[in-house]
Amino acid sequence: MFLNMHSWGMFSGVAEGDRAKRCQEIFDIMDTPIGPKVMTPAFTKWDPICGKVSVKLAGTNENGSIYCHATMFKVWADYSAKDGDRAYDTLAKVLPTNPNNPIERSINGPLYIPNQYHGEEGPNFGRSSRLPSTGTPNWYLYNVMYGMFGIEVKDGVVTANPCLPSTWDKASCRYTYDGRTYEIIVKNNVATIIEI
C-alpha cells in the first residue's frame, strides 16, 4: 500500500464514496503514533518492478518511513473530505513536540520538521533523518491556511470555509493578500474576516 496513491486519489476526486472510505481505512492501517508510513509493508529484498526503493533499508526514506512530505498530502486528503479531526491528528504527530516521539528518541531539533522519521519496520523507529531539505514546511502551512482555515481567494475576495478539529471552539490567523492583511477569526467553525 502506498500513501501517495490513496491521498492523491482522494483530493483529486477520483476516489469518491466507497472508494474514499476505503482510502481512509488504508490510512488507518498505515498509521503509527508518529504519522502514517509512506508505504507498507517495507521491502526487505530487491524487487525488479519497483527498483531502487526496494534496496533502501526497511523503514527509511521511501521504503516505509514516516515521510513527512507525503504525510502532508494525506492531510490535504483529510481536508478534502472535511475531516478536521483526522487532519489535525496527523499534523500533530509529525511535529518534533509529539510526546509519542520524544527528542531523546527522535534526536530531532525542536525547530523544524525533518524530511522523514524512521518507520516501524526498521531498527530506529522514530529517529529523525535530521534533514531539513524537504517540502514539508510549505505543505504544512498550506494545510493550515487553506485546509484548517479554509481560506480561498476568488475574484480578489478573501473568504474562509474552516475545518477545525471538533475539540476546538475557536482559532484565528492573519492572512495577507494583494497588500491587504485580514484577521480571520473562527468560532464554532464559522469564520469572520476583518481587514486590518
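Values quoted throughout were computed directly from the atomic coordinates according to the rules given, and no laboratory measurement underlies them. These numbers were taken from a predicted model, which means no experiment stands behind them. Cβ: placed from backbone, ideal geometry, glycine included. Neighbour counts: every protein chain shown.
Structure values in brief
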quantity	calculated
Unit charges on C-beta of K, R, D, E only; dipole of the chain, Debye	400
Qualifying chymotrypsin sites (Phe, Trp or Tyr not before Pro) in the range 124-166, DSSP loop, other Cβ atoms within 10 Å at most 16	none
Unit charges at the beta carbon, dipole of the chain: most positive-side option, Thr167, Val190, Pro99	Pro99
Value of [θ]222 nm, deg cm²/dmol, for the chain, DSSP H segments ≥ 4, -39500 (n - 2.57) each, nearest 500	-8000 deg cm²/dmol
Span from the the range 157-196 Cα centroid across to the the range 1-47 one, whole angstrom	30
Within the chain, longest stretch free of exposed trypsin sites (Lys or Arg not before Pro) [DSSP loop, at most 14 other beta carbons within 10 Å]	131-196
GluC sites (Glu not before Pro) lying in DSSP loop within the range 6-108, provided at most 15 other Cβ fall within 10 Å	Glu16
The range 59-162, Cα convex hull volume normalised per residue, Å³	106
DSSP-loop chymotrypsin sites (Phe, Trp or Tyr not before Pro) across the range 41-73, with at most 12 other Cβ within 10 angstrom	Trp46
Cα-Cα pairs of the range 3-136 separated by more than 23 Å (percent)	31
Close Lys-Lys pairs in the range 27-115, where close means Cα under 20 Å and separation is 8 or more or interchain	9
Cα gyration tensor shape for the range 149-195, rounded if a/c is under 1.5, else prolate or oblate	prolate
